[in-house]
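K.L.:
Following this message is one structure expressed as C-alpha cells.
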Amino acid sequence: MDHLGDLDVFARVVAARGMSAAGRELGLSPAVISKRIRRLEERLGVRLLQRTTRQIALTDIGQGFYERVVAILAAVEEAESWATSGAETARGLLRVSAPTSFGRMHIAPHIKRFLDEHPGVTVDLELSDAFVDVVAEGFDLAVRIADLTDSSLVARRLAPNHRLLCATPGYLATHGRPQSIEELSRHALLAHNADHWRLEGPQGLVSVKVAGPLRTNSSEVVREAVLAGIGIALRSTWDIGPELEDGRLEVVLPGWRGVSRVGIYAVYPSRRHLQPKVRAFIDFLAALYGPKPYWDAGLGLPDEMA
C-alpha cells in the first residue's frame, strides 16, 4: 500500500480545501481521492476530515496529523532534492580493500591527489592479502591482482600485471644462472601461499613446482628474501621495478613470465546505480596506471609485455 502517496493526497486535499480541487491537481477523480482518504483513515482508525456537501474541515486529530504530514513531506522533498542535485557529485565514505604491498606502494601515495580532486569523499583504505567478500564486508570496491575471468563481481581492468623471474647478481654468481625452465628445479624458489608457478614462454603454458628453504604467507617476506639473495622469485614489476633498474635484481629466463591473464582489477558488486564516489575512484586509478603503468617505464620490457 502506498502510504506516502496517501499522505500526499491528504495534504493536497487540505491545502486545496476540497477533493475536487485536489483531484485536478493530481490528475485523479474525486472518487479516487475520496477512496484514498478513506483508506488512510481506516488504516489509522481515526477520522481526519469532516465532510459536508459543500466543504471539508479538519478534525482536531486531523489538524495535528496534517501539521506533521506537511513536515514529513517537506523532509522527503528536501531529501530527494539533495540526492538529485548530488547525483554526479562524488561524496561520502568510500570503503576500499587492496593488497597490502600494492596498496602501500601504489594507492596510498596518490590518495592526497584523489582527495584534493574530490573533497566530499572520505576514504577508508583497508590493506589485506586476503580476498575479502566485498558485499558481505561492506566494501564499495576492492583492488585485486588476479585472473578474474570467472569472477561473479563486475571487474574493470586497471592495468596489466607483468610478473618476471628474478634474483640478485650474488645469488646467480654463486648458484649459476638457469638456462632453461627445467633447470629451475635445481634452484631455491621463493613464493608465498603457492606450491606451483604457472608460467608462459617458448614452450607455452607450464607449471613449475616451487621448493626452497623458506615458507611464508607474506608477499613482502618473499620480496625481502629475494633481495637478500636467498633464491629466485616470481615478482610483479610494480613491486621490483626500481631494483631491476638499479641492478639489485636481474631477470632470470627473460623469455618466461607469469600468465598474462593475471591483471590489476577494480571489482565491485554491480554496474547498476554505481555511486559517483566509486566511479570517481575507479576512473582515478585507471588513469593513474593505464595500459602502460608508470612502474614499467625504463625497464626495457619486450613489446608484447610493455
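Coordinate-derived values only; no laboratory data. Treat the numbers as computed from the prediction; the structure is a model and nothing was measured. Cβ atoms come from the backbone with ideal geometry, glycine included; neighbour counts cover every protein chain shown.
K.L.:
Just to be sure I understand the curve: with the Debye formula and one point per C-alpha of the chain, what is log10 I(q)/I(0) at q = 0.10 Å⁻¹?
P.N.:
-0.68
K.L.:
Which residues does the label zone of residue 206 cover in the stretch 228-257, counting backbone N under 13 Å from a point 7 Å along Cα→Cβ?
P.N.:
Within reach of a label on residue 206, which here means backbone N under 13 Å from a point 7 Å along Cα→Cβ, the stretch 228-257 contributes 253-257.
K.L.:
Run the dipole for the stretch 3-85 about the Cα centre, Lys and Arg Cβ at +1, Asp and Glu Cβ at -1, nothing else charged, and hand back the magnitude in debye, nearest 20.
P.N.:
540 debye
K.L.:
With +1 assigned to the C-beta of every Lys and Arg and -1 to the C-beta of every Asp and Glu, and no other charges, what is the dipole magnitude of the chain about the Cα centre in debye, to the nearest 20?
P.N.:
I would put it at about 1160 debye.
K.L.:
How high is the relative contact order of the chain, given as a whole-number percent (alpha carbon pairs under 8 Å, six or more residues apart)?
P.N.:
Contact order relative to length: 20 percent.
K.L.:
What per residue convex hull volume, in Å³, do the alpha-carbon atoms of the stretch 87-181 yield?
P.N.:
160 Å³
K.L.:
Here's a follow-up. Using a Förster distance of 45 Å, how high is the FRET efficiency between residue 76 and residue 294, based on the Cβ-Cβ distance and rounded to 0.05?
P.N.:
Approximately 0.40, to the nearest 0.05.
K.L.:
Give me the one-decimal nm value for the distance between modelled label points at residue 183 and residue 283, 7 Å along each residue's Cα-to-Cβ direction.
P.N.:
Taking the two extended label points, one gets 5.1 nm.
K.L.:
Here's a follow-up. Regarding the stretch 3-85, what's the average projected area of the Cα-atom convex hull, expressed in nm²?
P.N.:
Quarter of the Cα hull surface area: 5.6 nm².
K.L.:
Only helical DSSP H runs with n ≥ 4 go in: add -39500 (n - 2.57) per run for the chain, normalise by residue count and round the 222 nm mean residue ellipticity to 500 deg cm²/dmol.
P.N.:
Mean residue ellipticity at 222 nm (helix-derived): -12000 deg cm²/dmol.
K.L.:
Still on this structure, please answer the following. Among 301, 205, which comes first, then next, by fewest other beta-carbon atoms within 10 Å?
P.N.:
Lowest to highest Cβ neighbour count: 205, 301.
K.L.:
How far apart, in nanometres, would the label points at residue 228 and residue 126 be if each is projected 7 angstrom from Cα along the Cα-to-Cβ direction?
P.N.:
3.1 nm
K.L.:
When the Karplus curve 6.51 cos²θ - 1.76 cosθ + 1.60 is applied with θ = phi - 60°, which whole-Hz ³J(HN,Hα) does each residue of the stretch 241-250 get, with x for Gly and Pro?
P.N.:
Ordered by residue, 3J(HN,Hα) equals x, x, 5, 5, 5, 8, x, 5, 10, 10 Hz.
K.L.:
Pop out the Kirkwood hydrodynamic radius of the stretch 165-252 from its pairwise C-alpha distances, inverse of mean 1/r, in Å to one decimal.
P.N.:
It is 13.1 Å.
K.L.:
Using amide H atoms built 1.01 Å from N in the peptide plane, name the residues 5+ places from residue 263, or on other chains, whose amide H lies under 5 Å from its own.
P.N.:
146, 147, 148
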